[in-house]
Amino acid sequence: MTEPLIAVQHLGIGFPNNQVFKDLNFNIEQGDFLTVIGENGVGKTTLIRALLGMLKPTAGQIKYYPNKKAIKIGYVPQFRNLDQEYPLTIEDFVGLNLKGWQPWLSRAEHRQVATALAVTNLKKLRQRPLGMASGGEKQRAYLAQAIVQQPQLLILDESTASLDNEMKYELLDLVQNLNQTSNITVFFVTHDLPLAKQYAKHYLALKPGHQQFGNIADMSIEQLKEATNVNV
Ligand SMILES: Nc1ncnc2c1ncn2[C@@H]1O[C@H](COP(=O)(O)OP(=O)(O)OP(=O)(O)O)[C@@H](O)[C@H]1O
């Protein structure tokens, strides 16, 4: 059995008059590639907010190993529609996640930015204003920004939803490479069942009032559809 990085135990979470989860249980193992699949409104973003510590559980708990402070989390959001005027270069944008108390980056931080740009194939584009980048390049820049701090856990929140097929697979190949070579644990929220099936190790299927967790190899696309009500 692989060690858990995060254990979600009997988790209840929700809002006044809207209990989104009542008794949610699953583990995120160290080095896992977990996909979370469910219809709009089933609670995927709520779950991410709970993992990030932004929402307090109404029941149960989220346990972090060895502890919450030790786990850095990188977050890649859904596509953000930055307009063409967005002035920061891709390199500056990636470095934003490292800005501490001083407005400039140290030499070590510049190296971290260079590494994040290299692993996301953005080295040549680093001086391009982010607003002028293509959709796929923007998503790679968000990925680079999320990994620049070398997180243990990378959360991708429907990050491929707006990309065409080729770009989706390109992004997920990069993520898989990070998962396999840097042992970054991946939490991948998607509606795309073939993509989930191709890249993930475990799945969490969400339907209102019903959750299912397991090895994705044990599930066909038809069974995933059934478990999630998501139709490709
Ligand atoms: N701040 C809030 N206050 C009250 N209800 C909320 C709040 N945020 C979300 N909800 C409700 O909680 C439920 C789950 O929402 P959530 O955004 O987590 O779903 P989701 O699965 O991420 O959906 P989508 O795929 O559309 O992003 C929905 O019914 C939503 O209306």
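Only the coordinates and a few stated rules stand behind these numbers; no lab work does. Everything quoted here is computed from the prediction, not taken from an experiment. Ideal geometry is used to build each Cβ from the backbone, glycine not excepted, and the neighbour counts take in all protein chains shown.
Some observations on this one:
- So G131, is it within 12 Å of I90 (Cβ to Cβ) and small (G, A, S): yes
- Filter result (loosely packed, with under 15 Cβ neighbours inside 10 Å and among the charged types (D, E, K, R)) within the stretch 70-97: K72, R80, D83, E85
- Residue that is at positive phi and more than 16 Å from the ligand (Cβ to nearest atom), where the choices are N215, N183, N179: N183
- Residue count for the stretch 60-85, restricted to those that are more than 12 Å from the chain's Cα centre (by Cα), more than 16 Å from the ligand (Cβ to nearest atom) and not in a loop (DSSP other than H, G, I, E, B): 7.
- Of all residues making up the stretch 176-188, the number that are part of a helix (DSSP H, G or I) and in contact with a strand residue (DSSP E or B) (Cβ under 6 Å, 6 or more places away or on another chain): 1
- Single residue of the stretch 14-55 satisfying the filter (β-branched (V, I, T), closer than 20 Å to N229 by Cβ and part of a strand (DSSP E or B)) that is farthest from the ligand (Cβ to nearest atom): T35
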